[in-house]
Amino acid sequence: MDFVEFAEQYKRRTAKRMLDFEAAVAEAHRKMEQAGRQQAMARELNLRQIPANPPKGTYRPVRRNGRVQGVLRRDGEHET
């Protein structure tokens, strides 16, 4: 393969990558515009999101001195 052939292949690959990139950017732009339109429609219709169901039961804070840590401490004490 000589340099001219390499340069032509490089130009074709670069052009294809650029077309793929432009298509991806156009698709992302289209999706963003569509999301904006949907949000505007939701604001106009004053639609509210359904609140998530709050968890039932009681809240228990995370334990700081759990059993695993106690076991690790006991194992460490035997080695010293």
### Message
One residue is enough: does region 27-40 have a residue meeting the conditions assigned to a loop (DSSP other than H, G, I, E, B), at pLDDT below 95 and among the small types (Gly, Ala, Ser)?
### Response
no
### Query
Which one of these is exposed (fewer than 10 other Cβ atoms within 10 Å of the Cβ) and not β-branched (Val, Ile, Thr): Arg30, Arg43, Arg13, Arg17?
Arg43
### Task
Report whether or not Ala52 is surrounded by 10 or more Cβ atoms within 10 Å (Cβ to Cβ) and at pLDDT 70 or above.
no
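The values are calculated or read from the model by the stated rules, or taken from the named source; none is laboratory data. As the structure is a computational prediction, the values presented were derived from the model and not from experiment. All Cβ positions, even for glycine, are placed from backbone atoms using ideal geometry, and neighbour counts span all protein chains on display.
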